[in-house]
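The values are calculated or read from the model by the stated rules, or taken from the named source; none is laboratory data. Computed from a predicted structure; not experimentally measured. All Cβ positions, even for glycine, are placed from backbone atoms using ideal geometry, and neighbour counts span all protein chains on display. Accessible surface areas use protein heavy atoms only, side chains included; no ligands, DNA or RNA. Shrake-Rupley method; radii C 1.70, N 1.55, O 1.52, S 1.80 Å.
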Amino acid sequence: MHLKKPNVFSLKSDVLHMEGQIWFLTRSLQLTSFQAYKLRVTHLYQLKQHSILVSVGQDEQGINPLVKVWNLDKRDSGNPLCTRIFPAIPGNKPTEVSCLSVHENLNFMAIGFTDGSVVLTKGDITRDRHSKTLTLHEGTCPITGLAFRQGGKLTHLFVATLEKVQCYTLSVKEYPRLELDTHGCALRCSALTDPSQDSQFIVAGEDCVYLYQPDERGPCFAFDGHKMLAHWHRGYLLLLTRDTKSPNKSEFASGETSPSERQILTIYDLDNKFIAYSAAFDDIIDVLAEWGSFYILTRDGKMFVLQEKDTQTKLEMLFKKNLFVMAINLAKSQHLDSDGLSEIFRQYGDHLYVKGDHDGAVQQYIRTIGKLEPSYVIRKFLDAQRIHNLTAYLQALHRQSLANADHTTLLLNCYTKLKDSSKLEEFIKVLRQAGYHSHAVFLAERHMHHEWYLKIQLEDLKNYQEALRYIGRLPFEQAESNMKRYGKTLMHHVPDGTTLLLKGLCTDYQPSRDSADRESLDRGPINKANSEEFIPIFANNPRELRAFLEHMIEVEPRSPQGVYDTLLELRLQDWAHEEDPKKKKVLQGAALSLLTSDNTVFDKALVLCQMHNFKEGVLYLYEKGKLYQQIMHYHMQNEEYGKVVEACKRYGEQEVCLWEQALGYFARKEEDCKAYISEVLHHIDQNNLMPPLLVVQTLAHNSTATLSVIKEYLINKLQRESQQIEDDERKIRQYREETAQLRSEIQELRTSAKIFQKTKCSMCNSPLELPSVHFLCSHSFHQHCFESYAESDAECPTCTPENRKVMDMLRAQDQKRDLHDHFTRQLRCSNDGFSVVADYFGRGVFNKLTLITDPPGGKAGVGSLEADLQRDLLIHTKRNA
């Protein structure tokens with residue numbers, strides 16, 4: 001077998017798409033993703049020579065495939081830059097995309113569809129302006145495979161369907177087509193070989209695998225099994241076939257698998273005619289080739305990695321079969337150098353160690369002394385709690401004079417340990433109890449017993465700086481938990497260093513490493529601790545706490561609200577204790593900036609501002625919460641009369657009761673407030689906010705408010721009332737005169753005959769001629785004029801508009817009579833309830849309304865002449881002369 005046993009990872013692939021997201025896996029197995037589509041991604045094609053990714057997916061329901069071209073080197077809000085978007089539609093009818101291929105020169109892109117169409121985009125595929133799209137191929141059989149082949153200056157496109165294999169020459173006008181075979185393949189069962197294999201097009205049929213040149217069919221290879229996937233990578237042909245016991249499926253749907261389906265993955269070396277790898281898998285989704293390896297993604301979220309071995313040697317084969325003795329003999333016969341032999345001894349020792357033969361393993365490790373780092377062996381036997389084996393190795397190390405002082409110390413402790421329990425943790429505990437703190441720390445650090453290491457450093461050695469350095473080298477989760485445990489102790493003894501570590505832990509924590517490690521290791525994922533959880537550590541260190549919180553809001557504007565609340569409290573404390581006016585002004589601005597940032601909790605911030613008597617903050621929060629009455633009451637409590645009036649002017653429109661409260665406030669003051677009372681009265685008078693009687697009653701409680709204060713207000717009020725009375729009396733007289741005139745006309749109509757003496761038509765103003773139409777309103781018309789302009793046979797055209805206005809007013813009054821809720825609401829909200837009641841009385845809300853168009857009692861009779869006259873008077877019943 002030419003491929004190593006697969007390594008298993010969870011959900012890793014070169015480019016994985018899922019639920020509209022595209023995932024990227026770096027070589028260091030770091031996963032990142034971004035949202036490419038709203039619904040799903042169906043196809044991906046990543047170019048090998050360019051950082052360009054082409055995807056097909058859907059942003060909305062239905063058959064609406066959308067092609068997007070992504071530039072992976074450029075960023076847009078942290079995501080790859082989308083340079084082009086266009087719909088994938090072969091004609092006027094939308095259809096599903098079946099396959100996708102892009103030329104490495106970025107000048108060609110082919111999209112295959114389930115309706116048998118192939119759309120070719122020619123030109124710069126990353127831009128709309130420099131490319132054109134055309135339908136290259138049409139048919140009835142779904143497209144199952146596409147591949148571009150570049151040979152010199154010739155560009156070809158292989159097209160595979162379920163029934164045929166064809167080739168288009170794209171470097172020649174008219175794009176000539178050549179049919180290569182009359183049988184095709186299923187979806188995902190075609191691939192293109194490497195240039196070293198002349199870039200042949202591979203088609204995996206039902207019984208054979210065929211290779212094609214642009215002008216002819218090449219060799220074929222017989223492979224049994226129903227093909228589900230074909231792939232080519234570095235001289236290897238990968239085939240995924242369905243287990244013969246599995247049920248048959250349609251050819252085009254062969255790429256989909258059921259949850260219980262078993263598949264056989266086989267990798268062939270076609271040049272050397274042997275099978276490099278074969279194994280059964282459950283539900284393979286796809287197989288990708290990258291970085292010299294095959295990545296197998298299964299439906300259960302696992303990624304299997306198949307890596308190609310180096311040159312196959314006898315030694316490696318023997319190692320694979322665990323025949324180490326034979327390998328050693330072979331190495332010696334081949335005069336392998338000491339380094340090579342030492343590596344074999346190490347592998348043999350590891351093998352025996354894994355099997356549990358620790359005595360045999362330590363003998364092999366002894367043979368590596370001088371080549372293998374002693375710490376490699378020491379760590380193994382400390383972890384395995386095999387102190388007697390470690391003792392044997394250390395003795396051999398001393399015999400060859402390669403031991404240092406630490407080895408000697410460790411050997412001494414091993415002798416001590418052999419008399420006690422064999423557990424490593426107890427061994428460290430024994431060292432600690434015996435006073436060998438430095439030795440115990442060494443073992444704890446070497447074998448990553450972080451808790452013991454920190455206990456000894458902090459409780460025994462009192463080496464707080466070293467303990468802090470050690471925590472800074474731990475992984476994120478362990479560093480966070482240990483800082484929560486020992487943070488107060490470290491803050492007490494090493495405040496600056498502890499604050500610095502907490503800043504890093506709560507922003508973008510990366511374990512501190514040596515310079516060599518930092519250069520060799522990639523930057524890990526961003527880890528951030530909750531900064532609010534570490535605030536109690538600074539209980540006795542307000543200066544460090546302030547520095548920590550200032551750093552957090554600067555680096556992380558979206559820090560928890562507790563950070564902003566605590567920092568606000570610190571700034572208010574500084575402001576309250578500062579005596580220098582200039583510095584106090586700066587601190588005031590700093591506190592206000594936190595309040596205006598909207599990151600603090602409103603209730604907590606208000607309590608803090610009130611506790612420290614921070615006037616500007618209290619007023620800002622009141623205004624932010626629309627607590628306008630509290631703003632005015634705050635000024636009242638501080639006896640800021642001008643501010644009280646200013647608050648009324650500023651917020652009086654939102655809450656009109658502020659003026660009334662202000663008047664009552666000044667009325668209760670015994671000092672001279674005449675100027676403020678006059679100003680308040682002026683606004684009340686201008687906007688009619690209070691009844692005069694209530695104003696007088698309010699000011700009656702003020703001993704300093706004399707009649708002169710409200711003299712002008714009362715005079716203006718009485719003048720307006722007098723003017724209103726005069727206007728009302730004038731209207732009453734006018735209405736009485738009009739009513740008397742109407743009654744006279746009604747009486748005349750009742751008792752006298754109506755004589756029509758009009759000589760001219762009221763419409764055309766021409767002499768009146770028979771036939772003519774007369775109305776009781778004294779308007780007369782020609783018959784033809786009336787029929788031309790009248791909207792109704794029963795109404796006078798001239799009087800109709802005015803009559804309708806009257807009827808509308810009567811109907812409106814009738815509708816509003818029963819609006820009890822509206823009346824009570826208006827009465828409750830009005831400042832002058834009497835005027836509201838008078839208005840409703842005037843509209844007849846409290847009276848039963850009887851229209852003069854209705855006959856008394858609701859009955860119409862022939863003899864009811866009075867009712868008829870009333871109706872005729874209002875709606876002008878037509879009379880023909």
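Going by what's in this entry, would Ala576 be described as assigned to a helix (DSSP H, G or I), surrounded by fewer than 19 Cβ atoms within 10 Å (Cβ to Cβ), modelled with pLDDT of 75 or more and of a type in the set (A, V, I, L, M, F, W, C)?
no
Can you find even one residue in region 707-716 that is outside any helix (DSSP H, G or I), open to solvent by 50 Å² or more (accessible area, probe 1.4 Å) and at pLDDT below 70?
Looking for residues that are outside any helix (DSSP H, G or I), open to solvent by 50 Å² or more (accessible area, probe 1.4 Å) and at pLDDT below 70, one finds none in region 707-716, hence no.
Out of Leu162, Leu154, Leu170, Leu180, which single residue is more than 22 Å from Pro87 (Cα to Cα), in contact with a Gly (Cβ under 6 Å, 6 or more places away or on another chain) and not acidic (Asp, Glu)?
Details: Leu154 fails: in contact with a Gly (Cβ under 6 Å, 6 or more places away or on another chain); Leu170 fails: in contact with a Gly (Cβ under 6 Å, 6 or more places away or on another chain); Leu180 fails: in contact with a Gly (Cβ under 6 Å, 6 or more places away or on another chain).
Answer to the selection: Leu162.
Identify, by number, the condition in (1) aromatic (Phe, Trp, Tyr); (2) open to solvent by less than 30 Å² (accessible area, probe 1.4 Å); (3) farther than 28 Å from Asp496 by Cα that Tyr620 doesn't meet.
All conditions pass for Tyr620, except number (2).
Working carefully through the options Lys604, Lys643, Lys649, Lys585, find the one that is open to solvent by 70 Å² or more (accessible area, probe 1.4 Å), part of a helix (DSSP H, G or I), under 18 Å from Ile553 (Cβ atoms) and modelled with pLDDT of 70 or more.
Lys604
Residues being closer than 11 Å to Pro90 by Cβ and open to solvent by 20 Å² or more (accessible area, probe 1.4 Å): count how many of those fall in region 113-127.
Final tally of qualifying residues: 2.
Tell me yes or no: at least one residue of region 145-160 is out of contact with any Lys or Arg (no Cβ under 7 Å at 6 or more places or on another chain) and either of a type in the set (Asp, Glu) or farther than 18 Å from Phe108 by Cα (or both).
Within region 145-160, not a single residue is out of contact with any Lys or Arg (no Cβ under 7 Å at 6 or more places or on another chain) and either of a type in the set (Asp, Glu) or farther than 18 Å from Phe108 by Cα (or both).
When you scan region 468-490, how many residues do you find that are farther than 14 Å from Leu458 by Cβ and among the hydroxyl-bearing types (Ser, Thr, Tyr)?
Result for region 468-490: 1.
Residue by residue, here is whether (1) within 18 Å of Pro142 (Cα to Cα); (2) surrounded by fewer than 16 Cβ atoms within 10 Å (Cβ to Cβ); (3) of a type in the set (Asp, Glu) holds:
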position: His43; (1), (2), (3): yes, no, no
position: Gln46; (1), (2), (3): no, no, no
position: Ser51; (1), (2), (3): no, yes, no
position: Gln58; (1), (2), (3): no, no, no
position: Gln61; (1), (2), (3): no, yes, no
position: Trp70; (1), (2), (3): no, no, no
position: Arg75; (1), (2), (3): no, yes, no
position: Thr83; (1), (2), (3): no, no, no
position: Leu106; (1), (2), (3): no, no, no
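Would you kindly identify the strands (runs of 3 or more DSSP E) lying entirely within region 88-160 that contain at least 1 residues that are at positive phi? Before the answer, list the steps.
Numbers: elements: 97-102, 108-113, 118-123, 131-137, 143-151.
In region 88-160, the matching strands (runs of 3 or more DSSP E) lie at 118-123.
Using beta carbons and a limit of 7 Å, which pairs, at least six apart or on different chains, have the first residue in region 76-103 and of a type in the set (D, E, K, R) and the second one open to solvent by 60 Å² or more (accessible area, probe 1.4 Å)?
Arg84/Arg127; Arg84/Asp128; Glu96/Ile63
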